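Everything on this sheet refers to the single structure shown next.
Bear in mind these aren't lab numbers, they're just calculated from the coordinates by the rules spelled out. Note that this is a predicted model, so its numbers are computed, not measured. For neighbour counting, all protein chains shown are included, and Cβ atoms are generated from backbone atoms with ideal geometry for every residue, glycine included.
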Amino acid sequence: MSQESPNDPLRQALRQMPVPSPRPGFAEEALARAVASHEREAKRPARAFVRWETWFGAAVGAAVAALATFLVMRPDVPSAQEPGITLAINESRNVDVLIDSERTLDGAMIRVVTTGSVELEGFEDKHSVEWQTRLERGRNVLSLPVVARTSGPAQLVTVIEHEGRTRKVAVNLLVKPQKHDEVA
Amino acid sequence: MALPDFVRSIRTRESRALEFDRLFREHIPALYRSAYRWTGSTDRAEDLVQDLLTRLYPRLDDMRTLDQLKPWAMRVMYRIFVDQVRRERRSPVQFGFEEELEDESDGESGVSAEGVEPEALVERELTQERIMAAWSKLSEDHRVVLTMHDIEEYSLVEIAHMIDAPVGTLKSRVHRARARLREILVRERFDTAGRVTSSSTGEP
């Protein structure tokens, strides 16, 4: 039938229908907003930082729970200890650990250790999880899903090892007792 | 040991953003054009593309494995659009169902588009204004299929994949959409002619 033809006058007219341009700079803004929106989403109330190879003294925002920085070839420096994050029993929360690396690290070993009253969600039967990965140059975000099991203090420790060098960041957590426990 | 999700999610933010930009920037104009044709509004088209990008950014890992990013993005954008339309309508009548199209295709005006020769439309001069006015009166689902098939020239198989509909259904949907567009154009002609006749004969 004639209207199936690409040369059909109606189809030609449709193809010539004008489309007004979007606002100037729309593409740039839209891309930036998409990224920013996700970062806002990912901005959890808990964060930890570790910077590879250089001292790093700045806390980033109020969300930072702990900051540990180390210098290559220097002995380990204990991670900063702060009051940390407070959770309710059975509350789940992602704790972001930002690993800021000045270069790509192939085959970096990451070990996450939980102590006390919290566990890694999905790894309830383990207090330590480790894996090998590649850390990119720049900021690498490690989002750790933590769940509070019992009341009391806890710690979430992330250890990064590469070519015999070790960095460690610890986040202190406190799981508050339930209200009826407090009353009792 | 299987790696947990949070291990796979390790990426640098900067490199993710740059990669997203590199993958998507070239497709934004085409996606925006489609969105405009679907929605008929610059603001809504921008919002639709923005919504699409916002939803796709966390799925960057999925995108790396795609051979054809644009049709995939179009498919996601279509779903967002359908959801938006459904929300806006807040009606039991659901967008995109063939039953609705069947109802629409009944010639309520008594002017049958099927009976109109294409030549008649050529004579009618398909000016941009008339086409745009008729386009704005089409339903969203008709605009979508005509945009994809008649304007952007996707094949029915490609469209079927994008909007999750059988090829046969789409074929008839495209046919009905064209018929509906022609009907609107013809009706407009009759209305105009009627007004001219009325005024020339001095009838009220």
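Points worth noting:
- The modelled label-to-label distance between residue B:88 and residue A:178, using points 7 Å beyond Cα along the C-beta direction, is 4.8 nm.
- Shape parameters for region B:121-179, alpha-carbon atoms, Rg then Dmax in Å: 12.4, 37
- Averaging Cα coordinates gives a centre for region A:89-152 and one for region B:30-78; these two points are 33 Å apart.
- Near-label residues of region A:136-157 by backbone N, under 20 Å of a point 7 Å along Cα→Cβ of residue A:91: A:143-157
- Extending 7 Å from the Cα toward the beta-carbon at both residue B:67 and residue B:153 defines two label points whose distance is 2.1 nm.
- Theoretical FRET efficiency, 1/(1+(r/R0)^6), r = Cβ-Cβ of residue A:36 and residue B:59, R0 22 Å, to 0.05: 0.85
- Rg(Cα)/(2.2 N^0.38 Å) for region A:85-176, N = residue count: 1.11
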